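Novice: Got a structure here, written out as structure tokens. Questions coming.
The values are calculated or read from the model by the stated rules, or taken from the named source; none is laboratory data. The shown structure was predicted, so the numbers you read here are calculated from the model rather than taken from an experiment. Cβ sites come from the backbone with ideal geometry, for glycine too, and all protein chains shown count toward neighbours. Remember, those area values only see protein heavy atoms, side chains included, never the ligands or the DNA or RNA. Shrake-Rupley method; radii C 1.70, N 1.55, O 1.52, S 1.80 Å.
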Amino acid sequence: MTGHEGRTAGHGSDVQRTFAAFPPARGRGFAVTWWGQAWLTALEESALDLQQLKAGRRLARAGAVGAVSVRPGRITAVVRGRDRTAHRADVLVEPLTERQWERFLDMAVERAGHVAALLDREMPPHLVEDASVTGIDLLPGMGDLEPECACDAWDHCEHTAALCYQVARLLDEDPFVLFLMRGRGEEALLADLQARGDTESAHGVPDSSASRARPGVDAVEAYATGAALPPLPDLPGLPAEPGMPPSLDTETAPDEDVDPDALEVLAAATAVEAHRLLAETLRDAPRNPAAAPELTLPQDAVRLAAGPSDAHVSERLADGSGRGRDGLDVAVRAWRLGGESALCVLDEEWRVEGETLARACAALEAAWDEDERPPLRRDGNRWTVDGSPGQLRLGRDGRWWPYRAEAGRWVPAGAPARDPATALAAAEPGGAGPQPDRAEESEGR
């Protein structure tokens, strides 16, 4: 599964997985994915002593949490406290009942996109929403993380808090960890889903129209016979990569206002876009009902430059974008990280005020312990680290973008993050920020 997994024991619903301890990770967030953040929200809304949470974060960042054992209903690790004393910490999560699992499996097999997303180590929001409709809460809520610790604390202590923060990192990498807590290991869950899918395919869909069909020309009955038609053939498989447009190399000279090189670039870009749209359709990806705004000509020039092109076409795009060669390279770098949103963060400087400023300041305050917080100087929506080539830029959607000073200009250093500490870690020399998720890649079109 991940580089942190140590071993798996048992079988079926009694499986247990053990993950090696994480190394120290100062200055980074514990959850990047939305489901990892939901886990931490459940912890932070349940704990009564915020100082214990703060101490737990510090222990987790320092690498004080040992190997983490995950099994149905319980996670366990040995945590060394601030006094270096080792304590066994447990956090209990109520497993789903057998009847709840039956309802969940029935719901999950109805949409192939649910299973496909899980196999990609993702937790689609609509899976959690569909499960909630059937009365199943996959993600824990307030009060659902019950602590047990050898230090005899009656609420979350620094040891159980540290364990929960490290588990958020495990959930980021593999959502099947959550299903194991709820009572099903990965192999058992996938086997159950496969069995359900095979059963439905074998039984087929009853053809109720056959019993209603009678001689005659009644329009309603004639329309109903459409259900008796043979099923459509299966969709063809998705090609491994976009197709190659036909060559424009012919014996006929092009018109004076036609640039064959540029036309070939446009044809290749169209093939890539068609491949992306087909991939989204085949995996039943959720659609955004809001129409995407049309790109401006300078923005579209950056989009085209982000694809394959020769030197001649790149020069035309550099001129057409109004950025020049170096400026276009930086813009392409931003586009590949987040499409139009990333390009706006590169170009726009706006005034942060009111509620937006208050939320930004609260996020910065919570991102670091007081003794670890870097000195930040704000100018508009940009926070620059004094004495360091790092900068945070706040997007209009509330995400933080890491920037780094290179060759006398600010350039994007990684994908955005909700946590400022995670974003700023990518801006540090040698830092590597989170990779753009699928939604951001599709935004790049």
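Novice: Length gain on complete extension for the stretch ALA150 to GLN194, per 0.36 nm per residue less the alpha carbon to alpha carbon distance?
Specialist: Numbers: separation 44, 0.36 × 44 = 15.84 nm, distance 4.12 nm.
Working it through step by step, the gained length comes to 11.7 nm.
Novice: Simple spin-label model, 7 Å along Cα-to-Cβ: THR134 to LEU357 in nm?
Specialist: If labels sit at THR134 and LEU357, their model points lie 4.9 nm apart.
Novice: Gap in Å between the Cα centre of the range 19-79 and the Cα centre of the range 301-338?
Specialist: Cα centroid of the range 301-338 versus Cα centroid of the range 19-79: 42 Å apart.
Novice: Kindly provide the Kirkwood hydrodynamic radius of the range 92-189 in Å, to one decimal, from all pairs of distinct alpha carbon atoms. Could you put the intermediate results ahead of the total?
Specialist: Working: mean 1/r = 0.0684 Å⁻¹.
One over the average 1/r among Cα pairs gives 14.6 Å for the range 92-189.
Novice: Per residue of the range 414-426, what does 6.51 cos²θ - 1.76 cosθ + 1.60 with θ = phi - 60° give for ³J(HN,Hα)? Whole Hz please, x for Gly and Pro, Karplus curve as stated.
Specialist: With the stated coefficients, the range 414-426 comes to x, 6, x, 8, 6, 9, x, 5, 4, 5, 5, 4, 6 Hz.
Novice: Just the accessible area per residue of the range 95-158, please: how many Å² with a 1.4 Å probe?
Specialist: Numbers: 3250 Å² over 64 residues.
Counting only protein heavy atoms, the per-residue value for the range 95-158 is 51 Å².
Novice: Could you look at the range 66-131 and say what percent of its accessible area is carbon and sulfur, using a 1.4 Å probe and all protein chains?
Specialist: Values: 1520 of 3120 Å².
On the range 66-131, the fraction of accessible area on carbon and sulfur atoms equals 49 percent.
Novice: Shifting gears a bit: Between GLU94 and ASP255, how many nm apart are label points set 7 Å from Cα along the C-beta direction?
Specialist: Taking the two extended label points, one gets 7.1 nm.
Novice: At what distance in nm do the modelled label points of ASP379 and GLU406 sit from each other, each positioned 7 Å from its Cα along Cα→Cβ?
Specialist: Placing both labels 7 Å along Cα→Cβ, they lie 2.0 nm apart.
Novice: Next up: Please give the contour-minus-distance gain from LEU263 to THR296: 0.36 nm per residue of separation, less the Cα-Cα distance, rounded to one decimal in nm.
Specialist: Difference between extended and current length: 10.0 nm.
Novice: Now for a separate question. What percentage of the solvent-accessible surface of the range 310-436, computed with a 1.4 Å probe over protein heavy atoms, is contributed by carbon and sulfur atoms? Working shown, then result.
Specialist: On the way: 2800 of 6040 Å².
That share works out to 46 percent.
Novice: Please give the peptides 367-378, 321-332 ranked by average Cβ packing (other Cβ atoms within 10 Å per residue), highest first, as a rough proxy for protection.
Specialist: Details: 367-378: 13.7, 321-332: 17.0.
The peptides rank, most packed first, as 321-332, 367-378.
Novice: Also, quick follow-up: So, R0 is 45 Å and r is the distance between the beta-carbons of GLU365 and GLU273; what FRET efficiency does that work out to, to 0.05?
Specialist: Details: r = 42 Å, r/R0 = 0.94.
Result of the calculation: an efficiency of 0.60.
Novice: Something else now. Leaving out ligands and nucleic acids, and using a 1.4 Å probe, what accessible area per residue does the range 348-437 come to in Å²? Let's see the in-between values first.
Specialist: Values: 4440 Å² over 90 residues.
The answer is 49 Å² per residue.
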